[in-house]
Amino acid sequence: MKKILFASVAALLVLAGCGPSTPGSSSTSGQSGSDSNSSSSSSSSEEVTYVESVDIVDYVTGASINELNISTTQGGDVKAVVTPTGAEQDVTWSIADESIATINAATGAVTGVAVGTTTLTVTTVGLTSAGVAATDTIDIIVNEFTLLDIGDFKSTAQDGQVYAFAGILEDLDHADQYGNCFITDPLTGDTVEIYGSTTTESALTVSESGTGSFKNPKDAKTTLASYNNGEWVTGYGVWTAQYNNLSVIFTGHEAASEYTYEASVSATEGYTVTLSKTSGLAYGETVTVTVATNLTNSYNVIIQTAYGVEVATASSTAGTYTFSATCENVVTVESTVWDTLAIDKWATEAEDGKVYSFAGILEGLSHSDQYGNAYITDPTTGASLKLYGSTTTSSAITSNGDGTYSFSNPRDAKTTLESYSNGEWVEGYAVWNSSYSNASAVLTSHEASSQTYTATLNAVSNGTATLSKTSGIAYGETITVTITPDSGYIVSSVALTTAYGSGTTTRVNDTTYTFAATCVNTVTVTLQEQTDGQDVINLTENIGSFVDSSGQAMGSKYGSYSAEINGYSFDLSSGRASKCTSGTPWASDMVVMRANNEADPVESYMTIEAPAAVASVSVTYQNWNKDYSSIAVEHSTDGTTWTADATGTYNITSGESMQTYETTSTDVSTTHWRIVVDCRSTYSDGQARVGIDSVTFILAD
């Protein structure tokens, strides 16, 4: 039979030396150090210390309060602070309506009797210099918290309302200061998520209407140190409908040894699974799982609990695993042999959370990237699969217990993938994320590939261009682009499109560029009219030099970008920059620089290395439509120490149209420049977003 326990808050401390009751008051409280004969033994000439004030405060925190929210099942505690400390400390307490609440003068414990509001008054025994007692009053609001069965919360509880509960405590981590956990009904297996818990009553503020506001004191490590998973707990908390969870005050806990639990097995074909015990399990009791199979593929042993899933711990004996019993224990043994999916089928056929095997050419892997972001390309079709994290650590992919899987990046790609090279044939398996159209993978093998590739050149206007090789190209082979502009034209950019987005071209001289071949190599040469004394680099037209096919840095929302355009090197590796996007509020695709707000200042830098000395720079930009940002240009003689070229443009009007910022310094001639974006927003979640459309360089004489 389920127990429902509610205990009023225990007395925290008994004040010593309580005086006798005073006529006309409901109770009296005295402070330590008082004595009935102390006044008569004092010299008549001894100076009297008068009372100045009295304040009702929270018994635990000592904070001054003006109201106390309690219920008929959960009280509160107060005490009086008389100033100065040398004055008479005895006080008397009175409650206007004792049919609503009462107070224990010795302990400061206030008990709710009935729903309603009344007034608590404290009066000093000692007098002020004016010959009167000092007083303080607070409102006492008594609520009635409805008790809900655990299974009724999601269907019955109203957003923001406070409810009482009782059940079995699960998944509490004593190292977690927030007190996140679950409460489960041991008879039905229903569970409710607890998003923050404590025994500190002041964490929950309750209105007369029964709505509550929870401010987590982050003290669960200490206040819940004696609470253990598997115990029967009681409490009350505020319900958050959006997330289907409670934030709670625990009021009591005790062992629940009268409850025992069961364990069951669900196994895919080809496995025989036995448990050391299936019924009469005590909470936390160790259960051994023995798996027998004639299959050669690997498998997972998953424990489905009332509140989630866990992976059983492998024992030293082959085929045996263990887990600790909870309120619900369903053991599932599932094969980890995956269906193979061709690279060009992932975007249309892969199901969210499902795992599939793949094979193809590895591209875009950086050995300095611990996450293992990369691409897998089919050398025949040119289709590419974006890997948002990869590793060789098989435990990175775990079952959710419902046929779907999750990837937890071990961030070990620097070591586990150090022998993997771009251009190799790789195999592996990955879990698909439909929201971002990418997969996270465990790579199982790699080997050199003899595959060769082609390169194509898009039509060129205002001149001609040739490639040093167009077929039979080895992966990584250097291809040279030779350009012959028409009279009056110069090279604006040489862009490389790959299977996964944009590649990098290197400027050799004004009309010669090179690139390292990948699986797909499409070259676009843009020529512009020559303007003496200045170079205009249009980032919008060259957006492909910065991003992949999805418009982002590969595998990252806030990635680093670098590009080589007409001999100018652009780098956005500093600050919380940068994402490229299109649509509102941008007029077109632009390189977007991001910076944090004033509360957490992180500037963003676009560093530029010019092929020749530049005297001044102007930037055409557009601001995001909700933040106040600043933009400025800095220069350096050595690329290390930077000097602001001007005071900058601050507090850019929100949502403004395309603007131009021009430098104003004189006698500057250097190849080292950078654009700086800062955030002037005071919003807690504010971030500057400034889109850079083009940069004009005025060359030095």
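Tabulated data for the structure shown
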quantity	calculated
Filter result (of a type in the set (Asp, Glu) and in contact with a Gly (Cβ under 7 Å, 6 or more places away or on another chain)) within region 183-228	Asp185, Asp190, Glu201
Subset of region 339-356 [touching a strand residue (DSSP E or B) at 6+ places or on another chain (Cβ under 7 Å) and of a type in the set (A, V, I, L, M)]	Leu341, Ile343, Ala350, Val355
Top-ranked residue of region 304-330 - restricted to ones that are at pLDDT below 85 and β-branched (Val, Ile, Thr), ranked as surrounded by the fewest Cβ atoms within 10 Å (Cβ to Cβ)	Thr317
Considering residues of region 515-535 that are in a strand (DSSP E or B) and exposed (fewer than 15 other Cβ atoms within 10 Å of the Cβ) only, the residue farthest from the chain's Cα centre (by Cα)	Glu529
When residues of region 536-562 are limited to those that are in a strand (DSSP E or B), within 40 Å of the chain's Cα centre (by Cα) and at pLDDT 80 or above, the one nearest to Tyr436 (Cα to Cα)	Asn538
Region 156-179: number of residues that are more than 21 Å from the chain's Cα centre (by Cα) and among the acidic types (Asp, Glu)	2
Qualifying positions in region 466-504 - open to solvent by less than 20 Å² (accessible area, probe 1.4 Å) and assigned to a strand (DSSP E or B)	Ile473, Ile479, Val481, Ile483, Val491, Ser492, Ser493, Val494, Leu496, Thr498, Gly501
Matching residues in region 421-451 - criterion: being open to solvent by 60 Å² or more (accessible area, probe 1.4 Å), more than 30 Å from Ser492 (Cα to Cα) and not small (Gly, Ala, Ser)	Trp425, Glu427, Tyr436, Thr444, His446, Glu447, Gln451
Test: residue in region 324-337 that is acidic (Asp, Glu), closer than 26 Å to Glu418 by Cβ and assigned to a strand (DSSP E or B)	no
Out of Val337, Val331, sole residue that is touching a residue at least 60 places away in the same chain (Cβ under 8 Å) and β-branched (Val, Ile, Thr)	Val331
Elements of type strands (runs of 3 or more DSSP E) contained in region 29-137, each with 1 or more residues being in contact with a strand residue (DSSP E or B) (Cβ under 6 Å, 6 or more places away or on another chain) and at pLDDT 95 or above	53-58, 76-83, 91-95, 101-104, 116-127
Options Ser450, Ser461: the member that is assigned to a loop (DSSP other than H, G, I, E, B), touching a residue at least 12 places away in the same chain (Cβ under 8 Å) and over 15 Å from Thr522 (Cα atoms)	Ser461
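Conditions tested, residue by residue: (1) touching a residue at least 60 places away in the same chain (Cβ under 8 Å); (2) closer than 26 Å to Ala225 by Cα; (3) open to solvent by 30 Å² or more (accessible area, probe 1.4 Å); (4) not in a loop (DSSP other than H, G, I, E, B).
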{"position": "Lys154", "(1), (2), (3), (4)": "yes, no, yes, yes"}
{"position": "Ala164", "(1), (2), (3), (4)": "yes, yes, no, yes"}
{"position": "Ile168", "(1), (2), (3), (4)": "yes, yes, no, yes"}
{"position": "His174", "(1), (2), (3), (4)": "no, yes, yes, no"}
{"position": "Tyr178", "(1), (2), (3), (4)": "no, yes, yes, no"}
{"position": "Gly189", "(1), (2), (3), (4)": "yes, yes, no, no"}
{"position": "Ser202", "(1), (2), (3), (4)": "yes, yes, yes, yes"}
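The values are calculated or read from the model by the stated rules, or taken from the named source; none is laboratory data. What you are looking at is a predicted structure, and each value in this text was computed from that prediction instead of being measured. Cβ atoms come from the backbone with ideal geometry, glycine included; neighbour counts cover every protein chain shown. Calculation scope for accessible area: heavy atoms of the full protein, side chains included, ligands and nucleic acids excluded. Shrake-Rupley method; radii C 1.70, N 1.55, O 1.52, S 1.80 Å.
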